[in-house]
Amino acid sequence: MVNTLSVFIVLTELYHIIMKSSIEFSFCAVRRKKNTDESSFMTGSKQCVIVKPPKEGGTVMKFHLIIDKNAEEEIQATVRRESELTEQLENIVLQYNGMDKIPAYTEDTMKLLPFSEIECISVFSGKSYAIDRSGHKYRLKYRLCELDNMLPQNFTRINKSALANKDQIAHLAVSFNGSVDAVFKCGYRDYISRRCLADLKRRLGIK
């Protein structure tokens with residue numbers, strides 16, 4: 001079944017691969033209307049955004065996104081010849097296996113970060129960051145409320161600015177003033193609000 005996150009993950013990877021290539025690229029996003037066949041659909045209303053404008057005499061590669069919740073998901077590329085670009089496209093499509101990863105960014109790189117590798121997601125200066133098992137921070141292009149709805153059930157809110165992977169919490173630490181922190185296996189720690197403490201204890205099986 002097609003969903004917004006799965007489409008975004010694959011398109012983000014394809015965008016970064018193509019932008020690094022020497023091939024000019026235009027992006028056409030097309031949404032199927034009900035009760036229409038392929039020919040009328042392709043010539044009907046569509047929204048096009050030029051991502052990498054073609055130079056004079058250059059080659060334009062077109063990308064068509066068809067959103068049809070009843071169709072089997074597939075990615076098909078029509079090219080004149082195999083190249084490093086087609087190999088990279090094939091690898092990313094074959095590696096992608098569903099909604100178990102999220103695009104995560106550093107200053108100069110982007111990777112698909114598995115949910116299982118995320119220990120905590122916290123907001124710093126209004127931006128969401130994922131902390132992985134090694135303690136590395138990655139920028140996420142989603143608000144915390146959006147992440148709360150898309151992440152698996154082992155993630156739970158621990159305060160208004162943080163989501164925790166309960167399976168990656170090493171222990172809870174009580175400070176001298178009575179507040180409680182979640183200490184993660186990577187060493188990162190964040191406070192637990194009183195509002196969230198009872199639910200977290202229940203999820204962890206702590207009485």
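Odds and ends about this structure:
- Among the candidates 179, 134, 161, residue that is surrounded by fewer than 16 Cβ atoms within 10 Å (Cβ to Cβ), hydroxyl-bearing (Ser, Thr, Tyr) and over 24 Å from residue 109 (Cα atoms): 179
- Within region 119-142, considering residues that are in a strand (DSSP E or B) and among the small types (Gly, Ala, Ser), the one farthest from the chain's Cα centre (by Cα): 122
- Given (1) at pLDDT 90 or above; (2) of a type outside the set (Ser, Thr, Tyr); (3) within 13 Å of the chain's Cα centre (by Cα), index of the condition residue 164 fails: (3)
- Filter pass, residue 206 being modelled with pLDDT under 95 and part of a strand (DSSP E or B): no
- Residue 168 out of contact with any Cys (no Cβ under 7 Å at 6 or more places or on another chain), within 16 Å of residue 117 (Cα to Cα) and surrounded by fewer than 18 Cβ atoms within 10 Å (Cβ to Cβ): no
- Restricting region 78-98 to residues that are surrounded by fewer than 16 Cβ atoms within 10 Å (Cβ to Cβ) and not in a helix (DSSP H, G or I), the residue that is modelled with the lowest pLDDT: 97
- Residues being of a type in the set (Ser, Thr, Tyr) and without any contact (Cβ under 8 Å) to a residue 24 or more places away in the chain - total across region 117-138: 3
- With respect to being within 23 Å of the chain's Cα centre (by Cα) and either in a loop (DSSP other than H, G, I, E, B) or not assigned by TED's automatic domain parsing to the domain that holds residue 110 (or both), residue 145 falls outside the description.
- Unmet requirement for residue 116, which otherwise passes all of (1) within 30 Å of residue 76 (Cα to Cα); (2) assigned to a strand (DSSP E or B): (2)
The values are calculated or read from the model by the stated rules, or taken from the named source; none is laboratory data. Bear in mind the structure is a predicted one, so any value in this text is a computation, not a measurement. No Cβ is skipped: glycine too gets one built from the backbone with ideal geometry, and neighbour counts run over all protein chains shown.
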